[in-house]
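Each value in this text was obtained by applying a stated rule to the coordinates, not by laboratory testing. Source: prediction; values computed, not measured. Positions of Cβ are backbone-derived with ideal geometry, glycine not excepted, and every protein chain shown enters the neighbour counts.
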Amino acid sequence: MLLVAKLDGSYSVMELCEIIANSENPTDEGDSMRLPIVVMLALLALIGNPLSAADWPAFRGPGGDGVSSESQVPLRWAPDQNIRWKSPLPSPGNGSPIVSSGRVFLTCATEAGKKRGLYCFDRRDGRQLWAKVVDYAPEDPTHGTNPYCGSSPAADGKRVVVWHGSAGLFCYDYDGKELWSRDLGIFKHIWGYGSSPVFHAGKIYLNCGPGERTFVTAIDSADGKTIWQTDEPGGASGEKGNTEWIGSWSTPQIVGVEGRDQVLVTLPYHLNAYDPSDGKILWTCDGLGKLVYTSPVFGEGVGVAMSGFHGPAMGFKLGGSGNVTASNRLWHESAKIPQRIGSGMIIGPHMYMANEQFIAQCFDVQTGKELWQTRMPEGALWASLVRVGDRLYVTNQKGTTIVFRPNPDKFELLAENALGEQTNSTLAISDGEIFLRTFQSLHCISEKQAQ
């Protein structure tokens with residue numbers, strides 16, 4: 001029976017009330033005997049397995065777009081205000097925390113990247129539950145501003161997967177047992193790696209690079225086998241004095257286009273849309289620069305893709321076949337571009353962006369016309385925007401989270417929350433609480449009383 005299949009606490013209260021109401025009018029004699037028992041069991045299941053709060057199981061949340069379903073999270077905090085707990089970390093890192101089934105996961109590297117780990121914490125009190133560390137001795141370049149383990153993990157409720165660059169892709173259960181691992185090869189770039197894996201429909205999608213070896217791949221989440229791999233031309237690693245820097249640090253996005261899911265990835269010079277089943281490139285749109293740090297963002301039928309290192313940005317319509325640059329590109333911005341590392345947010349017809357050089361912007365998605373630009377409180381920004389209701393949150397490198405209203409008419413500052421610890425990470429939101437990773441600590445920001 002369907003009811004029995006859902007005795008895991010996944011019923012909503014409204015669903016259970018409907019079951020109880022319908023049980024008064026059984027459809028047959030057998031149901032008249034079974035339904036009251038099933039209802040009681042379902043209620044017990046609900047009590048024993050309370051409805052799980054909205055998890056934040058990947059970089060930028062469940063949709064990969066930075067949008068939270070929460071309605072109430074803290075607006076203000078400080079080192080002595082609304083900090084439920086604070087746990088020390090063994091090393092700095094740019095990877096963001098994720099939250100799933102009562103656990104917080106994040107990556108840390110020690111011994112100059114020779115040990116790369118996935119760390120698991122109890123979300124209730126910040127206690128470290130376990131750490132799984134892998135060794136990687138070969139020389140592996142990165143930049144001082146991008147410590148090893150710059151990638152965020154991803155989880156699906158049963159498994160958590162982490163990409164350690166050249167050290168490999170690893171999958172664990174929630175108790176820390178290794179389920180499988182993959183050696184995907186060597187990836188070398190003087191600025192390191194940073195793309196994060198994405199779970200979707202039994203697959204793990206990953207943008208592998210940057211460096212001379214670059215590809216987008218789909219991995220079977222059950223056994224780690226490659227389902228497909230689609231190679232990119234790649235680019236120079238910047239080693240040995242070569243300043244021809246090329247690469248993408250963008251995280252794949254799963255987007256519904258023309259009635260089916262597509263995997264969209266921003267890469268040097270262009271954006272590709274892949275068929276999730278076989279990796280075939282369905283369509284591509286040109287107009288990006290050599291370096292891409294941000295992930296693409298999407299609204300109703302449209303998207304925006306941005307380069308880094310003062311490279312161009314573009315707006316485009318979703319869909320089509322082949323090279324759709326001439327038909328689908330809505331606008332192309334290539335002059336006076338600020339440095340962009342974190343990803344923005346489309347809300348209705350407007351896009352909001354927080355750029356590295358303290359600059360917040362709002363512009364029209366269809367035309368690219370800037371509606372306003374302002375200098376935010378000082379502190380360079382690498383984090384991506386996160387939306388909770390009518391608030392946008394972004395944390396600068398000084399550890400100050402700036403909260404502002406998505407107002408297309410003006411920049412409307414709501415709060416500045418300083419922790420005084422350096423960070424390049426993006427916030428995670430779950431069950432009314434905010435999880436923030438700094439170079440020193442993992443913080444749980446909450447207005448709830450500690451249990």
Among SER71, SER441, SER277, rank each residue by its count of other Cβ atoms within 10 Å, from fewest to most, as a rough exposure measure. SER71, SER277, SER441
At 37 °C and a viscosity of 0.692 mPa s, what translational diffusion coefficient does Stokes-Einstein give for the stretch 86-229, taking Rh as the Kirkwood radius over Cα pairs? Give it in µm²/s as a whole number. 217
Compute the long axis of helix 29-48 from its Cα atoms, compare it with the longest principal axis of the Cα atoms of the chain, and write down the angle in degrees, 0 to 90, nearest 10. 50
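How do TRP382, TRP56, TRP130, TRP85 line up, fewest other C-beta atoms within 10 Å first?
TRP130, TRP85, TRP382, TRP56
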Theoretical gain in end-to-end length, GLN81 to SER327 [0.36 nm per residue, Cα-Cα removed]: 83.3 nm
Give a quick list of trypsin sites (Lys or Arg not before Pro) in the stretch 270-335 that DSSP marks as loop, anything other than H, G, I, E or B, with at most 11 other Cβ atoms within 10 Å. LYS280
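Just how large is the dipole of the chain about the Cα centre, in debye to the nearest 20, putting +1 at every Lys and Arg Cβ and -1 at every Asp and Glu Cβ?
Using Cβ point charges on Lys, Arg, Asp and Glu, the chain gives about 1040 debye.
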Of GLY389, ILE359, THR438, whose Cα points farthest to the positive end of the dipole of the stretch 293-451 (charges on the beta-carbon: +1 Lys, Arg; -1 Asp, Glu; origin at the Cα centre)? ILE359
Would you be so kind as to identify which of THR142, GLY301, VAL255 lies farthest towards the positive end of the dipole of the chain, taking Lys and Arg as +1 and Asp and Glu as -1 on Cβ and the Cα centre as origin? THR142
At a 10 Å Cβ-Cβ cut-off, how would you order CYS171, CYS149, fewest neighbours first? CYS171, CYS149
Determine, at each q value in 0.08, 0.14 (inverse angstroms), the log₁₀ of I(q)/I(0) that the Debye formula gives when each Cα of the chain is one equal point scatterer. -0.47, -1.34
